[in-house]
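Just so it is clear, none of the values below were taken in a lab; they were calculated from the coordinates. None of these values were measured; they are calculated from a predicted model. So basically every Cβ, Gly included, is an ideal-geometry build from the backbone, and we count neighbours across all protein chains shown.
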Amino acid sequence: MATKRTSKKQKPMLGVAVARVGLVPRSMRPVTVTQDDVIEFWRVMMEHYGATLIDKTSDADMKIVADALNAMGIMDRERFLTGFTTTIGTKIYAPFTPGTPIGGWNLWNQITVCTHECYHIAQSRQFEGIEFGWRYITSATARAYYEVEAYRSDMVLNWRYQNATLNPALLAGVLRDGYACPEADVRMAEKMFRLSLISIKKGAIPGEVTQFACNWLDARWNRK
Amino acid sequence: MRKLIFVLALLLIAFLTCGCPPKACTPNETRCLWDNKAEICDSLGQWRLLADCSDVSEWYEWSCCQVGDGCTCVPPGECDQ
């Protein structure tokens, strides 16, 4: 399953976030992510979720997938290899080395995509064998739902640590353009994002993976 | 006759196992359940979990509540606002 980095800059929004331990200041500065933050975050998340990191751009299997997607007219080969991080099972195929910015993969995006991909690992563990992958590939509705759950972690992290709101309509559009989801599923996704954002802006952290990530990041950036 | 029954049996099995359950809800409809979970109806007319409002905060018991055109989780005391 692939995730697309959010390339558009979101207008920062200020608001009160009710943290787990009480009220936090109305205006919180966005965190400045360091190389060491990213390296350590990836190490912790991969260890916790049993993930393996693989260089996507040099992996033979990913090149075959890229060629197939290109041949079918679904996605440009280079775009798939460099613009997306893909997770299959517990293997995360990333077009970057954690801690080293490249292209659109800045340090912050490397934090959010790590959480996103670990979310997919957790989702796959709810099923036996290849059932998750089968559902993901054969059902656009299932694929949209799984991506909404994972992209919701992006929404939480951006709100909590960057004071930024990811636009629900734009996020839903990513499912249309990057995941071949039909309009009916895109509408479901947009509504899920929109309703989730209401809670997120009040301080909710839905999902165990996001909660684990935020616990670690809160401690790292002294947000507790 | 046996062939006809066999073919009909196959069709029946295919129908029952096609993964095409009847629609249980209207797409994009939402609801709050008694156990504090919010659900949304997907494009196939099946309910899916939107959020477990008992599990979005480590410290507070949030509530599933109708906000605008859908159900979502809100902090304690905000549901009636």
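Taken one residue at a time, the phi angles of region B:24-30 give Karplus couplings (6.51, -1.76, 1.60, θ = phi - 60°) of 9, 7, 8, x, 6, 5, 10 Hz. Gly and Pro are set to x. By the helix-only formula, in which each DSSP H run with n ≥ 4 contributes -39500 (n - 2.57) and the sum is divided by residues, chain A has a 222 nm mean residue ellipticity of -18500 deg cm²/dmol.
What average number of partner chain Cβ atoms lie no more than 10 Å from the Cβ of the residues making up B:69-75?
Values: counts 3, 5, 1, 11, 8, 4, 5.
What the average comes to for B:69-75 is 5.
Given +1 at the Cβ of Lys and Arg, -1 at the Cβ of Asp and Glu and no other charges, the dipole of chain A around its Cα centre is 1060 debye to the nearest 20. Residues with amide H under 5 Å of B:G70's amide H, sequence separation 5 or more or different chain, H placed in the peptide plane at 1.01 Å from N; which? Here nothing satisfies the definition.
Put in order of Cβ neighbour count within 10 Å, fewest first, the listed residues A:H48, A:H120 become A:H48, A:H120.
Dividing the convex hull volume of the alpha carbon atoms of region A:93-199 by its residue count gives 111 Å³ per residue.
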